[in-house]
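Worksheet for the structure shown next.
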């Protein structure tokens with residue numbers, strides 16, 4: 001039976017993200033991420049191995065191949081271009097674009113995304129600050145640091161998010177924090193690591209340490 005294109009692409013993309021944490025991927029991890037059973041995940045991994053997208057040997061972890069990484073980058077490119085188009089052209093909120101882009105990324109016509117890229121002015125980052133791969137599947141390197149690593153008195157600019165869940169994005173909306181917001185760190189609480197910050201019209205806003213861990217910044 002032929003594997004549906006969207007299913008195959010979801011597996012490749014998930015394997016790529018898992019390999020960023022650890023090159024050796026277990027079936028349990030893959031199944032958990034995709035919310036499928038280990039036997040189901042194993043069946044799909046075998047099909048991907050036949051295509052040379054992963055290496056899969058009995059009793060050994062799964063490893064995504066260079067071919068698999070390039071294929072994943074192309075899918076991620078389509079996803080992030082779609083998010084950017086939805087955000088910049090169609091005025092969707094940055095908390096709304098992910099779900100819609102999950103559907104658009106499975107369109108197989110390259111010319112569609114090439115035209116989208118051109119209309120957007122060839123962007124290099126999506127609305128959450130994540131790098132958009134080029135047509136050859138290459139990512140530009142970014143060296144951002146978490147806000148939680150910065151000391152008192154530092155001035156930074158928000159450049160990306162480690163986690164772009166809808167819950168975090170809605171929280172940041174309430175706080176008025178977005179990509180390119182400039183922040184000054186006023187105080188760090190000894191007890192729980194909460195940050196008191198100053199930005200825009202907010203003179204003493206408080207962010208929890210977990211939130212600060214998800215805000216990726218550059219010093220200014």
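What the table shows:
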item	result
Label zone at residue 66 (point 7 Å along Cα-to-Cβ), backbone N below 18 Å, segment 123-148	134-140
Candidate values [x] 17.4; [y] 18.3; [z] 19.1, label of the one derived for Kirkwood radius over Cα pairs in Å	[z]
Ranking of 191, 85 by count of other Cβ atoms within 10 Å, fewest first	191, 85
Potential extension, residue 122-residue 57 segment - 0.36 nm per residue separation minus Cα distance	19.4 nm
Spin-label pair residue 21/residue 167, simplified geometry with 7 Å Cα→Cβ offset, distance in nm	1.5 nm
Average Cα contact separation per residue, segment 5-64, under 8 Å, 6 or more apart, as relative contact order %	35 percent
In nm, spacing of pseudo-spin labels at residue 88 and residue 200 (7 Å Cα→C-beta vector)	2.1 nm
Euclidean distance between Cα centres, segment 100-157 to segment 159-205, Å	21 Å
Angle between the chain longest axis and helix 110-119 axis [Cα atoms, degrees, rounded to 10]	20 degrees
Segment residue 174-residue 191, extension gain: residue separation times 0.36 nm, minus the distance between their alpha carbons	3.6 nm
Value of relative contact order over segment 74-220, rounded to a whole percent, pairs C-alpha under 8 Å and six or more apart	23 percent
Net lengthening on full extension, residue 135/residue 103 (0.36 nm per residue, minus Cα-Cα)	9.6 nm
The chain: angle of helix 5-21 to the longest principal axis, Cα-based, in degrees nearest 10	50 degrees
Coordinate range along principal axes, alpha carbons of segment 145-219, Å, largest first	29, 24, 22
Modelled FRET efficiency - R0 25 Å, residue 218 with residue 152, Cβ distances, 0.05 increments	0.90
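Laboratory data are not the source of any read-out in this text; all were calculated from the coordinates shown. Note that the coordinates shown come from a computational prediction; the quantities given were computed from them, not determined experimentally. Every residue, glycine as well, gets a Cβ built from its backbone with ideal geometry; the counts of neighbours run over all protein chains shown.
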